[in-house]
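A.B. asks: Input: one structure, supplied below.
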Amino acid sequence: MNRKNSLALISITIIVGLVFSSEINLIKASHLTDYQGNVSRVANNVFDKTQQYNQSSIDIVSLTTNTTSSQIILSFAGEPVIDPFHGYRIIIDWNKRLRWWLIGVWPNVTWENAIAPKSNFTVCYAGGVRGFDIENCSFSEFYDSSGNLIFSESNNSIIVDGYSLVFSVNHSLVPNARLNVYDSSYNAFVFTNYNTTETTANSTTITNVIWMDSIPYSLIYEYIFHLATLDTANFGIAAVASTIGLVGVCQVVYIKRRKKKITSFLY
């Protein structure tokens with residue numbers, strides 16, 4: 001291998017590594033930059049990376065609380081549907097961070113694991129989902145500084161108000177807040193889903209499909225399906241492979257040049 005070919009091979013190796021790493025970074029960025037209008041699709045428990053733009057009944061717009069009216073309000077791009085096939089879940093921790101990493105991986109998700117022990121929290125369920133052995137209601141627990149339970153409440157008042165679901169809560173303990181749907185810094189998340197079946201054109205094959213949306217939007221990709229983690233791993237593999245290739249080429253060039261010098265010295 002002459003010097004010109006060696007330099008060319010080194011350049012190709014570096015370029016290929018950069019292309020792979022850039023592509024993976026772009027994929028990761030697109031997963032973590034989901035906006036209103038995009039509802040994710042899972043077919044037979046396999047995540048579909050293609051962005052979708054329908055199912056407005058679970059497409060989340062905002063989550064707000066109002067102490068004056070004693071309500072938690074979850075709004076959508078369309079009218080929510082309360083039936084066994086649609087699910088609406090809200091988890092809010094008022095004084096501690098949610099433990100995102102403990103909820104599990106789809107389909108084995110245990111949402112309640114996200115709530116730290118002895119923390120003040122409110123959960124809301126509507127449609128075909130349940131938690132804490134309750135459904136179609138809100139449930140709250142509040143503790144004092146010593147970790148003693150001072151208040152708990154279960155309220156089964158759920159109102160569909162236009163494009164919003166309204167849950168009743170205790171007004172004296174739940175603070176006013178507007179939870180930004182694009183920001184995961186709040187101690188809250190929402191998960192909505194619609195379970196259905198689909199058949200392809202000219203086929204009798206039935207596919208089990210789950211449409212889903214969440215606050216924050218990275219909840220689906222980074223925690224439930226761990227796609228961001230896998231992308232990061234692939235980026236590491238590409239970078240390592242490129243580095244090994246570069247080192248190998250440099251080593252070959254070094255050995256060739258050293259051998260050439262030794263041969264010239266001997267003769």
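The values are calculated or read from the model by the stated rules, or taken from the named source; none is laboratory data. Being a predicted model, the structure only gives us computed values, none of them experimental. Cβ atoms come from the backbone with ideal geometry, glycine included; neighbour counts cover every protein chain shown. To get the accessible areas, we keep the full protein, side chains included, count just its heavy atoms, and leave off ligands, DNA and RNA. Shrake-Rupley method; radii C 1.70, N 1.55, O 1.52, S 1.80 Å.
A.B. asks: At 0.36 nm per residue, minus the direct Cα-Cα distance, what do Thr64 and Thr200 gain on full extension? Give it in nm, one decimal, please.
C.D. replies: Numbers: separation 136, 0.36 × 136 = 48.96 nm, distance 3.88 nm.
Contour length minus Cα-Cα distance gives 45.1 nm.
A.B. asks: A follow-up question, please. Taking 25 Å as R0, compute the FRET efficiency from the Cβ-Cβ separation of Ala116 and Glu79 and round it to 0.05.
C.D. replies: Numbers: r = 34 Å, r/R0 = 1.38.
Rounded to the nearest 0.05, the efficiency is 0.15.
A.B. asks: OK, next. With the cut-off at 1.5 for a/c, could you classify segment 69-121 from its C-alpha gyration tensor as rounded, prolate or oblate? Walk me through the intermediate numbers first.
C.D. replies: Values: a/c = 2.75, a/b = 1.28, b/c = 2.15.
Taking the square roots of the gyration eigenvalues as a ≥ b ≥ c, segment 69-121 is oblate.
A.B. asks: Any chance you could look up the accessible area of Ile115 with a 1.4 Å probe, heavy atoms only, rounded to 10 Å²?
C.D. replies: Near enough 20 Å² of accessible area.
A.B. asks: Between rounded, prolate and oblate, where does segment 77-226 land on the alpha carbon gyration tensor, with a ≥ b ≥ c its root eigenvalues, rounded for a/c under 1.5, else prolate if a/b exceeds b/c?
C.D. replies: Numbers: a/c = 2.11, a/b = 1.63, b/c = 1.30.
The shape class here is prolate.
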